[in-house]
Amino acid sequence: MTKPPIELTGIHKAFGELEVLRGVDLSVERGEVVVLMGPSGSGKTTLVRCMNLLEEPDSGHVRICDCAFSCGASRDGRGRARLMQRARQQTGMVFQQFNLFPHMTALGNVIEGPRQVRKLPTAEAIALGERLLDRVGLADKRDVHPSRLSGGQKQRVAIARALAMEPEVVLFDEPTSALDPELHAEVLEVIQELAGDGMTMVIVTHETHFAREVADRIVFMDGGVVVEDATAEAFFTRPSKERVRTFLRLVDHSGAVVDAPAPRVGEEAV
Amino acid sequence: MDMLVDSFPMLLRGLGITLLLGVVSFVLGSALGALVALARISAFRVLRGSAIMYVSIFRGTPLLIQIMIIYFGLPQLGVQLEPIPSAILALSLFAGAYLSENFRGGILGVDKGQWEAASSIGMPYWRTFRRIIFPQAIRIATPAVGGRFIALMKDTSLASVVTVVELTRVAESIGNANFRYMEAFLMIGAMYWLINTLLSVGQGMLERRLGKAYA
Ligand SMILES: Nc1ncnc2c1ncn2[C@@H]1O[C@H](COP(=O)(O)OP(=O)(O)O)[C@@H](O)[C@H]1O
Ligand SMILES: [Mg+2]
């Protein structure tokens, strides 16, 4: 059996006084879809950002495909920047706020990585870009700038941009939470199709129905630690922790509750 | 009216020198300003410190004094520059200090998510700067940079104190010759105004062009 494409061990991360991740171990197997859930402020975003080192943990080990990093005191120095670029080429990331390049067309956004990073010849990059735009249902938006796209379309371009690096893993941080509710489905469908194709994915989301359908595993975080790590089936039908049961009751009734601002330290979340 | 006809060739030459001073100093000042802006955001403390010092000195002292130090003062240290090069040097250094701040504002004004998105596809720092950040920073900085160009055009009139025969100096000598100061200065005032009106029309066109993708 091959090594899991993402392996985090003993991850700690603080912002100033605030300890956001307090010892997280998590690995993601090839072809697996892991959904990260948990109340606002529990460290989900920080954790997925550690999976491509957009956030540098204070301590712990991160392995991304064939790139291994030690963080904190034993942090490896030389060649790290290059290794990080290499690791990031093997992970795609889809952001809550899309972060499309506004000065480039939809196609321009998608082929930027293939052209500038993978160094594909232009014709090949364009062919790849067109294929990916078609895959996310936006072939006709090829030459349109992001400002002319709806939120759902922007996020689908962002997914195509991530896929254009032909990554081993795609990370999603609340891909629908900046969108109007009626636009969620078009984005979730694309992600679902990727799951069907066997793509390895880590998805932060509050959408329980979607999570239940798409996830192989649900990882529930609270207060910077993993509270529950179970199959989707077990997580939703017989959660072992009271904390998870409370959370599920709340999101089932209204998704709005968990989108509330992060609770202050010491205050019980939700 | 006669006076105008007689002095027309002089005015035209003065206009040429004014444009030369303004355009050359703007180009040199922009290049300098871009380098200083990069130094200002770099990871190296010495670079950052020198950039801050430079900006502070050239923004914190009158341009007139900078021009006089370069033209009248430097010869004491054995550096003798002709009037026009002196004026261009002073104007470029002065404009560079302001432009570096405009460029820095443009760079910092680009959403941090843009750096992250570029990082997330494995793009290295400089390439990210060139391909992703710079084009957006230019757009953000254009109004301020355009304003600086216009200010610089007007500042060229200070070159008259170091004997550069640009528009202001021409008007002075026309006035001295026939005591028609009012007409002479009104005339060149109108010429500065015309140059700057054209510049701001150009700036507006550039802004619309750069903004097209974002509209
Ligand atoms: N760059 C940062 N600087 C300071 N605090 C941060 C930063 N990023 C996140 N935080 C804080 O860390 C906590 C966890 O954030 P986050 O990982 O975004 O949680 P989640 O995605 O689960 O809502 C929050 O309290 C947040 O305010
Ligand atoms: Mg988050």
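The values are calculated or read from the model by the stated rules, or taken from the named source; none is laboratory data. This one's a predicted model, so the numbers in the text were calculated from it and none came from an experiment. Backbone-built Cβ (ideal geometry, glycine too); neighbour counts: all protein chains shown. For the accessible areas, the whole protein counts, side chains as well, though only heavy atoms, and no ligand, DNA or RNA atoms are used. Shrake-Rupley method; radii C 1.70, N 1.55, O 1.52, S 1.80 Å.
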* Considering every residue within the range B:131-149, establish whether at least one is in a helix (DSSP H, G or I), of a type in the set (Lys, Arg) and at pLDDT below 95. => yes
* **Condition broken by A:ARG86, with the remaining ones in (1) modelled with pLDDT under 95; (2) under 11 Å from A:ALA160 (Cα atoms) satisfied** => (2)
* **Positions within the range A:1-52 being within 14 Å of another protein chain (Cβ to nearest Cβ) and within 9 Å of ligand 1 (Cβ to nearest atom), in sequence order** => A:THR45, A:THR46, A:VAL48, A:ARG49
* Structure fact -> In the range A:49-95, residues that are within 14 Å of the chain's Cα centre (by Cα) and over 26 Å from A:ARG115 (Cβ atoms) total 2
* Complete set of residues in the range A:133-147 that are more than 13 Å from chain B (Cβ to nearest Cβ) and not charged (D, E, K, R) -> A:LEU133, A:VAL136, A:GLY137, A:LEU138, A:ALA139
* To do: State which residue pairs qualify: first residue more than 30 Å from A:GLU124 (Cβ to Cβ) and away from chain B (no Cβ under 14 Å) and inside the range A:166-191, second residue within 16 Å of ligand 1 (Cβ to nearest atom) and of a type in the set (S, T, N, Q) in any location, beta carbons under 6 Å apart, and separation of 6 or more residues or different chains.
  => A:SER177/A:GLN96; A:HIS184/A:THR176
* Structure fact -> For the range A:148-165, the count of residues that are within 14 Å of another protein chain (Cβ to nearest Cβ) and either in a helix (DSSP H, G or I) or surrounded by 20 or more Cβ atoms within 10 Å (Cβ to Cβ) (or both) equals 12
* Find the residue count for the range B:170-198, including only residues that are in a helix (DSSP H, G or I) and either free of Cβ contacts under 8 Å to residues at least 24 places away in the same chain or in contact with a Gly (Cβ under 7 Å, 6 or more places away or on another chain) (or both). => 16
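Here's the yes/no breakdown for (1) open to solvent by less than 60 Å² (accessible area, probe 1.4 Å); (2) more than 16 Å from ligand 2 (Cβ to nearest atom); (3) within 11 Å of chain B (Cβ to nearest Cβ):
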{"site": "A:GLY60", "(1), (2), (3)": "yes, yes, no"}
{"site": "A:ARG82", "(1), (2), (3)": "no, yes, yes"}
{"site": "A:GLN97", "(1), (2), (3)": "no, no, yes"}
{"site": "A:PRO102", "(1), (2), (3)": "yes, yes, yes"}
{"site": "A:LYS119", "(1), (2), (3)": "no, yes, no"}
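Could you please give the count of residues in the range B:67-120 that are within 14 Å of another protein chain (Cβ to nearest Cβ) and open to solvent by less than 50 Å² (accessible area, probe 1.4 Å)? First the steps, then the outcome.
Of all residues in the range B:67-120, those within 14 Å of another protein chain (Cβ to nearest Cβ) come to B:106, B:109-120.
Imposing the further condition that a residue be open to solvent by less than 50 Å² (accessible area, probe 1.4 Å) reduces the set to B:106, B:109-110, B:113-114, B:116-120.
Residues that pass the stated criteria total 10.
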* Asked: Based on what the data block shows, is A:SER40 closer than 30 Å to A:GLU242 by Cα and at pLDDT below 95?
  -> yes
* What do you reckon, is A:GLY113 within 8 Å of another protein chain (Cβ to nearest Cβ), open to solvent by less than 10 Å² (accessible area, probe 1.4 Å), assigned to a helix (DSSP H, G or I) and farther than 17 Å from A:ALA178 by Cα? -> yes
* Structure fact -> Given (1) more than 20 Å from A:VAL169 (Cα to Cα); (2) under 22 Å from the mean Cα position of the chain (by Cα); (3) among the acidic types (Asp, Glu), A:GLU124 misses just (2)
* Among (1) part of a helix (DSSP H, G or I); (2) within 14 Å of chain A (Cβ to nearest Cβ), which single condition is B:MET123 missing? -> (1)
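Any residue that is part of a helix (DSSP H, G or I), of a type in the set (D, E, K, R) and farther than 22 Å from B:PRO62 by Cα - is there at least one of those in the range B:90-112?
We begin by selecting, within the range B:90-112, every residue part of a helix (DSSP H, G or I); these are B:90-108, B:112.
Narrowing further to those that are of a type in the set (D, E, K, R): B:101, B:104, B:112.
After this cut, where a residue has to be farther than 22 Å from B:PRO62 by Cα as well, the list is B:104, B:112.
Among the residues of the range B:90-112, at least one is part of a helix (DSSP H, G or I), of a type in the set (D, E, K, R) and farther than 22 Å from B:PRO62 by Cα, which makes the answer yes.
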* To do: Say whether the condition of being open to solvent by 50 Å² or more (accessible area, probe 1.4 Å), of a type outside the set (S, T, N, Q), in contact (Cβ under 8 Å) with a residue 60 or more places away in the chain and within 14 Å of chain A (Cβ to nearest Cβ) is met by at least one residue in the range B:143-163.
  => no
* Within the range A:62-80, which residues are on the phi > 0 side of the Ramachandran plot and within 14 Å of another protein chain (Cβ to nearest Cβ)? -> A:CYS65, A:GLY79
